[in-house]
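Below is one structure, written out as structure tokens; the observations come after it.
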Amino acid sequence: MYDNVCKFLAESYSQDFAQWLLGEPMGLTQLSPSEFQTQPDPEIPFRMADYRLRVYRRYPTQAMRQVVIYLKPTGSELVQQTVFELPSTRHEFEVIRLWEVPTTELLPFPGLLPLAILSRSDDKAQTLQQIGQRIETLPDRVAKSNVTAATSVLAGLVLEKAIIQQILREEIVQESVIYQDILQQGLQQGLQQGLQQGLQQGLQQGLERETALVIRLLNRRFGTLTAEIEARIRSLSIEQLEALGEALLDFTQPDALTTWLEHNA
């Protein structure tokens, strides 16, 4: 979720990112694959080298500057790595650790406001207040809602939900495409979970009905089953119950049922 929000910001506010990263107000021509990491990943150096070679293969004359942005503080040495190296091969890239970036560096740019909550700050609630005030000055309501929603999501990495809701206006958040996307994902996940639960319940109910039917047939054929035999039958799978139902036609003695269970259950 955090990665998707950051990619949305980079795509929607490419000039803000370019001004911040490159020092020039230019649009970024290519943002995919973009890298925003919540947790350290030992594969990052290789992926940077791989991305660079893939881009070079398609656009050999195109300049490329690679930056990995880490979102959450960590003591891992992985967030310090800026080189992929093999014998006779070396590729360098840049790393930004947001928790080391001054908040004032991000506040001038609307598209970077959501990242500001993860910047260097001793009081995250106060920083969120600053961000909220800056968002309120945005003239475009759509931009305001999207930036607010992105800020709300990323603030969840460092602040409790109650504090975020006190500072950021929920009605603005709900108007954003980010909120709608998260809501849609939640609905899809809920639907999928519901279907899986329904399928499992249906299979279980079908198994219980099949078991009850087989037990009734056996009781009519041989009299009341012992508790041990009935327990063994209830432990059978649906496939085993179907096989037992077919085998009933060949049973002539109660011992035949015990023999079948010993060989098939």
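Observations on the structure shown:
- The lone criterion from (1) under 20 Å from Ala143 (Cα atoms); (2) crowded, with 17+ Cβ neighbours inside 10 Å left unmet by Leu98 is number (1).
- So Leu53, is it assigned to a helix (DSSP H, G or I), among the aliphatic types (A, V, I, L, M) and surrounded by 19 or more Cβ atoms within 10 Å (Cβ to Cβ): no
- Pairs with Cβ under 6 Å, 6+ apart, first in segment 107-119 and among the hydrophobic types (A, V, I, L, M, F, W, C), second part of a loop (DSSP other than H, G, I, E, B): Leu112/Leu106; Leu115/Leu106; Ala116/Leu106; Ala116/Leu107; Leu118/Leu71
- Matching residues in segment 220-246 - criterion: being open to solvent by less than 40 Å² (accessible area, probe 1.4 Å), of a type outside the set (Val, Ile, Thr) and in contact with a Ser or Thr (Cβ under 8 Å, 6 or more places away or on another chain): Leu236, Leu241
- Yes/no for Leu21 being under 21 Å from Ala150 (Cα atoms) and either at pLDDT below 85 or not in a loop (DSSP other than H, G, I, E, B) (or both): yes
- Inside segment 112-142, residues that are open to solvent by less than 30 Å² (accessible area, probe 1.4 Å) and within 18 Å of Tyr2 (Cβ to Cβ) make up a count of 11.
The values are calculated or read from the model by the stated rules, or taken from the named source; none is laboratory data. These numbers come from a predicted model, not from an experiment. When we count neighbours, we look across all protein chains shown, and the Cβ atoms used for this are built from the backbone with ideal geometry, even at glycine. Protein only, heavy atoms only, side chains kept; ligands, DNA and RNA dropped before computing areas. Shrake-Rupley method; radii C 1.70, N 1.55, O 1.52, S 1.80 Å.
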